[in-house]
Amino acid sequence: MRRNIVHPGADKLRYEIREIAEIAKRVAEAGIPIVWENIGDPVAKGEMPPKWMKKIVTDAIKEDSVFAYSPTKGLDAARAYIARERNLEGGIRITPDDILFFNGLGDGISHLYRNLNPRARILGPDPAYPTHSSAEAAHADKPHLTYRLNPENEWRPDLAEIERKIRANKDIAGILIVNPDNPTGFVYPQETIRAVVALAKKYKLFIISDEIYSNLAYEGSGMKKLASVIGEVPGIAMRGISKEFPWPGARCGWIEFYNRGKDTNFDRYARSLVDSKTLEVCSTTLPQRVLPKIMGDARYYPYLAARMRRYERRATYARAALSIIPGVIVHKPRGAFYMTCVFRKGVLTKRQSLPMKKGLKRFIGSRLAGASPDKRFVYYLLASTGICVVPLSSGFNSSLQGFRFLLLEQSDARPADQPGRRRRCGGPCVSALVPPAVARSSSRRASARHERRDRCEAAPTEFRRPRSREPPAVRGRHHPADVRRAARDSR
Ligand SMILES: Cc1ncc(COP(=O)(O)O)c(C=O)c1O
């Protein structure tokens with residue numbers, strides 16, 4: 001090329017959640033079945049949309065109009081429904097004009113950063129959902145700016161740190177929250193959102209609240225949408241149907257502008273997003289057509305409530321199983337269907353390994369040059385057991401070492417118990433390091449046998465600390481009865 005045609009931010013575009021799938025495919029070719037714990041796609045994990053929902057979609061597809069373009073901002077009826085629903089929050093009042101549809105929320109996120117002034121920066125959480133952090137870093141051609149979600153404080157952010165960072169960097173124009181959060185499942189308490197809103201007001205910033213999981217916040221989580229607390233501060237809330245219906249293949253998401261009229265610069269920016277969308281004509285028509293019918297159906301919220309109960313049950317179990325392992329921090333999520341496991345400093349070292357097939361060892365080794373310890377752990381776990389999780393550091397732009405896994409596994413059976421599955425190092429699903437099948441076992445001898453196998457499979461060879469160094473209080477607590485008790489206690 002006579003001219004460099006590569007965007008300066010091109011190297012910042014990373015999405016490890018899918019990149020690791022390529023590694024997993026090679027592992028699968030070596031004959032190891034994969035437990036997909038990387039992508040938050042409920043449908044791919046076997047969670048089927050209910051029949052009544054499918055009926056609404058199949059009825060809609062009989063109408064010729066769903067094959068047509070829709071208005072740039074989205075179908076009037078869909079936007080009217082969302083505006084009406086939002087106005088019930090008891091906070092901000094919006095009109096259909098404040099809503100803009102995209103081809104999936106990922107597309108909305110991409111538009112949002114692409115159209116920001118390159119000097120304007122958004123301060124986002126660490127760990128970060130990579131579509132936000134990568135798009136923000138690429139737009140500025142600088143590393144993404146973050147505030148820490150603190151695993152030592154149940155993932156709560158430090159508001160003083162946020163203010164310090166805002167004060168120190170005049171380019172910061174906005175604060176991002178992901179609520180409920182991906183990858184931690186953290187739900188921002190109402191007073192924390194209020195404090196973030198107060199900071200935005202004090203420093204003349206706007207707020208972005210990614211609320212794609214807001215209707216999947218567990219009972220008692222205290223979830224509040226930005227709409228209810230934003231007051232007069234300019235803000236953008238982001239929603240979609242990928243996780244809720246769930247219908248990720250529909251590619252349908254939207255953003256809601258709050259208080260456009262309160263700041264001319266924010267209003268101009270909002271207009272630029274609409275103009276940018278106009279160049280693309282519009283977003284997918286069919287999901288917008290069915291949205292009011294599905295969300296307005298009497299069965300919709302009870303259906304979501306049942307799903308959340310299932311996620312919460314799995315989260316309770318996974319927390320109980322993982323929290324008794326020395327050297328890791330886990331918290332039960334309060335929403336969404338992800339869980340993050342953090343390794344304490346020094347737990348992972350470069351000398352650790354897991355047994356794997358010879359050919360795979362060479363392949364995995366070739367992909368790990370200069371890799372962070374958690375990425376190394378994740379690749380070894382994948383090649384050794386077939387469990388495909390996502391490292392925190394490279395996958396979620398995090399200063400922490402750890403991994404994220406899903407709460408979407410439909411089957412309680414451990415992979416090692418499934419027909420045709422290797423026994424040795426078949427490895428339990430990460431969300432069931434001590435799987436229910438074992439926990440339910442009434443035979444003490446069987447339990448002890450399983451326990452030994454769990455110890456061997458969950459943390460084989462040097463990834464497990466030598467037993468003698470385990471604190472006595474923790475030693476032996478992998479017993480299923482202890483896991484059951486811990487699960488009960490943490491409910
Ligand atoms: C926090 C968050 N925002 C946005 C998205 C993108 O969703 P969509 O499927 O609508 O593009 C995801 C998908 O995982 C997500 O976790």
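The values are calculated or read from the model by the stated rules, or taken from the named source; none is laboratory data. Bear in mind the structure is a predicted one, so any value in this text is a computation, not a measurement. Cβ sites come from the backbone with ideal geometry, for glycine too, and all protein chains shown count toward neighbours.
If I ask for residues that are of a type in the set (Phe, Trp, Tyr) and closer than 30 Å to GLU152 by Cα, which ones from the range 288-328 would you list?
Of everything in the range 288-328, those that are of a type in the set (Phe, Trp, Tyr) and closer than 30 Å to GLU152 by Cα turn out to be TYR311, TYR317.
For the subset of the range 170-225 comprising residues that are within 14 Å of the ligand (Cβ to nearest atom) and β-branched (Val, Ile, Thr), which member is farthest from SER134 (Cα to Cα)?
It comes out as VAL187.
If you check SER242, SER209, which single one turns out to be among the polar types (S, T, N, Q), surrounded by 22 or more Cβ atoms within 10 Å (Cβ to Cβ) and under 19 Å from TYR269 (Cα atoms)?
So the residue among SER242, SER209 that is among the polar types (S, T, N, Q), surrounded by 22 or more Cβ atoms within 10 Å (Cβ to Cβ) and under 19 Å from TYR269 (Cα atoms) is SER209.
For ILE177, are the conditions met, namely being over 27 Å from GLY402 (Cα atoms) and touching a Phe, Trp or Tyr at 6+ places or on another chain (Cβ under 9 Å)?
Considered against the rule, which asks whether it is over 27 Å from GLY402 (Cα atoms) and touching a Phe, Trp or Tyr at 6+ places or on another chain (Cβ under 9 Å), ILE177 comes out as no.
Do you know which residues across the range 33-67 are aliphatic (A, V, I, L, M) and either within 15 Å of the ligand (Cβ to nearest atom) or surrounded by 14 or more Cβ atoms within 10 Å (Cβ to Cβ) (or both)? Show your work before the answer.
Restricting attention to the range 33-67, the residues satisfying the condition of being aliphatic (A, V, I, L, M) are 34-35, 39, 43-44, 48, 53, 56-57, 60-61, 66.
ILE34, VAL35, ILE39, VAL43, ALA44, MET53, ILE56, VAL57, ALA60, VAL66 - these are the residues of the range 33-67 that are aliphatic (A, V, I, L, M) and either within 15 Å of the ligand (Cβ to nearest atom) or surrounded by 14 or more Cβ atoms within 10 Å (Cβ to Cβ) (or both).
If we keep just the residues of the range 66-78 that are assigned to a helix (DSSP H, G or I) and small (Gly, Ala, Ser), which is farthest from PRO234 (Cα to Cα)? Don't jump to the end; show me each part of the working.
As a first pass, look at the range 66-78 and keep what is assigned to a helix (DSSP H, G or I): 66-67, 76-78.
Those left that are additionally small (Gly, Ala, Ser): 77-78.
On the way: ALA77: 25, ALA78: 23 Å.
Ranking the candidates gives ALA77 first.
Could you please give the count of residues in the range 79-101 that are β-branched (Val, Ile, Thr), in contact (Cβ under 8 Å) with a residue 60 or more places away in the chain and assigned to a loop (DSSP other than H, G, I, E, B)? Reasoning before the result, please.
Of all residues in the range 79-101, those β-branched (Val, Ile, Thr) come to 82, 92, 94-95, 99.
Filter again for in contact (Cβ under 8 Å) with a residue 60 or more places away in the chain, leaving 82, 92, 94, 99.
Filter once more, so that each one left must be assigned to a loop (DSSP other than H, G, I, E, B): 92, 94.
The total comes to 2.
Among the numbered criteria (1) more than 16 Å from the ligand (Cβ to nearest atom); (2) out of contact with any Cys (no Cβ under 9 Å at 6 or more places or on another chain); (3) at pLDDT below 95, which one does ILE23 miss?
Of the numbered conditions (1) more than 16 Å from the ligand (Cβ to nearest atom); (2) out of contact with any Cys (no Cβ under 9 Å at 6 or more places or on another chain); (3) at pLDDT below 95, the odd one out for ILE23 is (2).
Conditions: (1) modelled with pLDDT of 95 or more; (2) within 19 Å of TYR338 (Cβ to Cβ); (3) small (Gly, Ala, Ser). ALA168 meets all but one. Number of the miss?
(2)
Modelled with pLDDT of 95 or more, within 16 Å of the ligand (Cβ to nearest atom) and closer than 30 Å to ARG344 by Cα - does that describe any residue in the range 312-331?
No - not one qualifying residue is present in the range 312-331.
If ARG121 satisfies all but one of (1) within 16 Å of the ligand (Cβ to nearest atom); (2) closer than 22 Å to ASP181 by Cα, what's the number of the condition it fails?
Failed condition: (1).
Quick check on this structure: which one of TYR317, TYR303, TYR269 is hydroxyl-bearing (Ser, Thr, Tyr), under 23 Å from the mean Cα position of the chain (by Cα) and under 25 Å from ALA83 (Cα atoms)? Break it down into steps so the answer makes sense when it comes.
Numbers: TYR317 fails: under 25 Å from ALA83 (Cα atoms); TYR269 fails: under 23 Å from the mean Cα position of the chain (by Cα).
After applying the criteria, what remains is TYR303.
Scan the helices (runs of 4 or more DSSP H) fully inside the range 306-420 and keep the ones with 2 or more residues being in contact with a Cys (Cβ under 9 Å, 6 or more places away or on another chain) and outside the structural domain of ILE212 (by TED's automatic domain parsing).
Those helices (runs of 4 or more DSSP H) span 373-385.
Mind checking which pairs have a first residue in the range 268-284 that is closer than 21 Å to ALA250 by Cβ and a second that is among the aromatic types (Phe, Trp, Tyr) and assigned to a loop (DSSP other than H, G, I, E, B), Cβ under 6 Å, 6 or more apart or different chains?
Final answer for the pair search is VAL281/TYR69; CYS282/TYR69.
Condition (residue is crowded, with 19+ Cβ neighbours inside 10 Å and of a type in the set (Asp, Glu)) applied to the range 273-280: is it met by at least one residue?
No, the conditions are met nowhere in the range 273-280.
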